[in-house]
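Each remark here refers to the structure printed beneath this line.
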Amino acid sequence: MYQSLVADTRFHRLLLTLDQDCAGACRNSRCPVCGGVLHAAHFARKPRGMPSGATEYDRRRFSFCCAEPECRKRTTPPSLRFLGRKVYLATVVTVVSALQRGSLTAQRQLAARLGISPRTVVRWRRWWREIFTSGPFWTQAAAAFMPPVDRAGLPASLLDRFGDPDADAPDHRLRLLLRFLAPITGGCRPGHVF
Ligand SMILES: [Zn+2]
């Protein structure tokens, strides 16, 4: 059940580990503007929808800053936990939105349990279908799926394309989807670990 992953501390920690790996690769890259050395400049997010027992470290957004005083350009690596500026975790935004297709009752119940307003759910739905699909990432990535992903069914229709529904557990499939989406959450170069 994808719903259970929202409260699954183990799953969140796994995503954190993947974010750490990506941050490690980013640390070894150079400033995209001036080529300067990058210094750690992590910051605290205050995401909603965290599993119980989450610590300050779980909320940390890995980020780096150019060491050159004249530049100071910030570089923030991709993340599987944070979907851009969305206040709720990527897992929450994706799972709640994906339930739109399966069970509206389950979606409403999960949203209510997490304190997500119906208006926010509508906004997320619009984000998947209009803003995400019109961005440069999806414009390129969509071409790799054949047959094409049903835009109206996002993100459930995209989740369908990752892993084997008969053989792979939901956590594995959701992790693959979040990894796929990670480039829209940040970037550093060279060499993403994904
Ligand atoms: Zn720089």
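Here is a yes/no grid of residues against (1) loosely packed, with under 15 Cβ neighbours inside 10 Å; (2) of a type in the set (Phe, Trp, Tyr); (3) touching a strand residue (DSSP E or B) at 6+ places or on another chain (Cβ under 8 Å):
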{"site": "Thr9", "(1), (2), (3)": "yes, no, no"}
{"site": "Asp19", "(1), (2), (3)": "no, no, no"}
{"site": "Leu38", "(1), (2), (3)": "no, no, yes"}
{"site": "Ala44", "(1), (2), (3)": "yes, no, yes"}
{"site": "Met50", "(1), (2), (3)": "no, no, no"}
{"site": "Arg59", "(1), (2), (3)": "no, no, yes"}
{"site": "Pro69", "(1), (2), (3)": "yes, no, no"}
Exercise for review: Determine if region 124-141 includes at least one residue that is surrounded by fewer than 16 Cβ atoms within 10 Å (Cβ to Cβ), within 30 Å of Ala40 (Cβ to Cβ) and touching a helix residue (DSSP H, G or I) at 6+ places or on another chain (Cβ under 7 Å).
Suggested key: yes
Check your understanding: Does Arg81 satisfy the condition of being surrounded by 14 or more Cβ atoms within 10 Å (Cβ to Cβ), away from the ligand (no atom under 16 Å from the Cβ) and basic (Lys, Arg)?
Key -> yes
Review point. Considering only region 151-167, how many residues are among the acidic types (Asp, Glu) and surrounded by 13 or more Cβ atoms within 10 Å (Cβ to Cβ)?
Key: 1
Exercise for review: Could you tell me whether any residue of region 14-21 is within 16 Å of the ligand (Cβ to nearest atom) and either under 23 Å from Pro155 (Cβ atoms) or outside any helix (DSSP H, G or I) (or both)?
Suggested key: no
Revision key, fill the gap. Apart from one, (1) away from the ligand (no atom under 16 Å from the Cβ); (2) of a type outside the set (Ser, Thr, Tyr); (3) under 23 Å from Ile184 (Cβ atoms) all hold for Leu38; the odd one out is (1)
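Residue by residue, here is whether (1) touching a residue at least 12 places away in the same chain (Cβ under 8 Å); (2) closer than 24 Å to Arg30 by Cβ holds:
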| position | (1), (2) |
| --- | --- |
| Phe62 | yes, yes |
| Lys73 | yes, yes |
| Pro77 | yes, yes |
| Leu83 | yes, no |
| Thr94 | yes, no |
| Leu104 | no, no |
| Ala112 | no, no |
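Any read-out appearing in this document is the output of simple, stated calculations on the displayed coordinates, not a laboratory observation. Please read these numbers as outputs of a predicted model, since none were measured by experiment. Cβ coordinates were reconstructed from backbone atoms using ideal geometry, including for glycine residues, and neighbour counts include every protein chain displayed.
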